[in-house]
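Taking it in order: structure first as structure tokens, then the write-up.
The values are calculated or read from the model by the stated rules, or taken from the named source; none is laboratory data. These numbers were taken from a predicted model, which means no experiment stands behind them. Don't worry about glycine lacking a Cβ; one is built from the backbone with ideal geometry, like all the others, and counts go over all protein chains shown.
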């Protein structure tokens with residue numbers, strides 16, 4: 001079944017792909033330039049078929065693409081899926097930034113209210 005992924009499906013696939021440290025390492029390597037599957041497999045202690053499975057997950061998420069150049073089959077990073085994930089995260093960053101600003105305002109208000117209260121004298125033996 002070959003269906004078009006909607007925005008939510010693409011985000012799910014992107015975050016699932018990014019959840020694996022090997023796939024993140026592959027993306028970090030591809031960020032430096034296009035690389036063949038064989039060269040991608042070198043730093044990992046796993047078989048070429050295992051690396052190929054990781055690449056399929058990354059390709060399905062739209063994070064990388066491949067070309068057929070004779071035997072090399074180089075892979076390259078694709079920006080669109082990462083951009084969509086970044087945009088989604090940015091919305092939440094803005095939300096939490098607004099909440100932190102509200103909290104800062106509330107804390108400042110409480111501090112000013114506390115500072116304006118008359119000081120209470122403590123009786124002998126009473127803790128402050």
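In the stretch 21-95, counting only helices (runs of 4 or more DSSP H) that sit wholly within it, the ones holding 1 or more residues that are more than 17 Å from the chain's Cα centre (by Cα) span 37-41, 48-60.
With respect to residue 39, is the statement that it is modelled with pLDDT under 95, surrounded by 13 or more Cβ atoms within 10 Å (Cβ to Cβ) and under 18 Å from residue 81 (Cα atoms) true?
So residue 39 does not fit the description; no.
Of 125, 62, all but one fail to be on the phi > 0 side of the Ramachandran plot and modelled with pLDDT of 90 or more; the exception is 62.
For residue 9, the conditions (1) out of contact with any helix residue (DSSP H, G or I) (no Cβ under 7 Å at 6 or more places or on another chain); (2) assigned to a helix (DSSP H, G or I); (3) within 16 Å of residue 75 (Cβ to Cβ) all hold with the exception of (3). Could you please let me know if residue 33 is surrounded by fewer than 10 Cβ atoms within 10 Å (Cβ to Cβ), in contact with a strand residue (DSSP E or B) (Cβ under 9 Å, 6 or more places away or on another chain) and closer than 25 Å to residue 17 by Cα? In short, yes.
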